[in-house]
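K.L.:
One structure follows; several queries about it will come next.
The values are calculated or read from the model by the stated rules, or taken from the named source; none is laboratory data. Keep in mind that this is a model prediction, so the values were computed, not measured. Note that each Cβ is placed from the backbone with ideal geometry, even for glycine, and that neighbours are counted across all protein chains shown.
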Amino acid sequence: MCRLPVRLPVRLPVSLPGLFCGCTLAFARRENTVKKMHRLYQIGGLAGAILLSIGTVLAIGIPEASAQTGIPETSAPITGAWCYPSGFSAACLNAWNGGPWVDVYTNPNAQNDNFTAIQGADGNWVLEDTGGNAWSGECIGDAYNESGKADTSLDPCGFDGTNAGWGTQFGLVTAGCIAGDAAFYSLRWHGYLGPPDGWANGSHFYLNRPGEICFELT
């Protein structure tokens, strides 16, 4: 008599419903992981863009105070002798011998020390000679009104930038100065108006001094 082989049922390690449920759960976990990684990538990109923007601003080298920091949009003219105090002396802006050169003078009471800071509608400032001399009405700018000279003479003012002489446009900066003082930031030279190191009577002022130089109005 011939016996046919009998196949026993195969036992699966998990039930079919459990198997499908486990696959679904694993897929859902993988999908959540992908979404989280994508979100982290987006956050990382945003952070990178912010850091890049900050780095760009720092690289440009904008002064601590912008050209108009602490100054209202419009301001009345400010007239007087503008002097940089140093020890027992001061370097005052002076239309030397009535102009056109603007040199250091240590006497703050001379007529040729009289300059007026005037703000134009464009927000920029000029320093106009108002000392009643032959060059009155002209403004501090590049020597000889030549673009490559950073020392100072009296040039056409060019209020609001119209027909302005080279180097006559400034930002007036108060941050970093004591109350009532101000520094003049050259918008052309990206430096400050100030005397040279070791200045004396008759030294030229320059428009490209690297550090903030605060003038006292006397």
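K.L.:
Take Gly120 and tell me if it is touching a residue at least 60 places away in the same chain (Cβ under 8 Å) and within 22 Å of Ile78 (Cβ to Cβ).
P.N.:
no
K.L.:
Select, from Asn208, Asn201, the only residue that is under 24 Å from Gln111 (Cα atoms), surrounded by fewer than 24 Cβ atoms within 10 Å (Cβ to Cβ) and polar (S, T, N, Q).
P.N.:
Asn201
K.L.:
For residues that are surrounded by fewer than 23 Cβ atoms within 10 Å (Cβ to Cβ), in contact with a strand residue (DSSP E or B) (Cβ under 6 Å, 6 or more places away or on another chain) and more than 20 Å from Glu216 (Cα to Cα), tally how many sit in the stretch 159-186.
P.N.:
Selection size over the stretch 159-186: 2.
K.L.:
Within the stretch 85-125, which residues are under 21 Å from Thr162 (Cβ atoms) and either of a type in the set (Asp, Glu) or in contact with a His (Cβ under 6 Å, 6 or more places away or on another chain) (or both)?
P.N.:
Asp122
K.L.:
Mind checking whether some residue in the stretch 62-75 is surrounded by fewer than 18 Cβ atoms within 10 Å (Cβ to Cβ), within 23 Å of Gly211 (Cα to Cα), modelled with pLDDT under 90 and of a type in the set (Asp, Glu)?
P.N.:
Within the stretch 62-75, one or more residues are surrounded by fewer than 18 Cβ atoms within 10 Å (Cβ to Cβ), within 23 Å of Gly211 (Cα to Cα), modelled with pLDDT under 90 and of a type in the set (Asp, Glu).
K.L.:
Is it the case that Ala150 is out of contact with any helix residue (DSSP H, G or I) (no Cβ under 7 Å at 6 or more places or on another chain), within 29 Å of Phe88 (Cα to Cα) and either in contact (Cβ under 8 Å) with a residue 40 or more places away in the chain or assigned by TED's automatic domain parsing to the domain that holds Pro100 (or both)?
P.N.:
yes
K.L.:
Ok, one more. Checking the condition of a type in the set (A, V, I, L, M, F, W, C) and closer than 16 Å to Ser89 by Cα, which residue from Ala164, Ala200 passes?
P.N.:
Ala200
K.L.:
State all residues of the stretch 121-165 that are more than 26 Å from the chain's Cα centre (by Cα) and acidic (Asp, Glu); if no residue qualifies, say none.
P.N.:
Residues satisfying the conditions are Asp129, Glu138.
K.L.:
I'd like the full set of residues that are free of Cβ contacts under 8 Å to residues at least 40 places away in the same chain and charged (D, E, K, R), limited to the stretch 156-202.
P.N.:
Listed by number, the residues that qualify are Asp181, Asp197.
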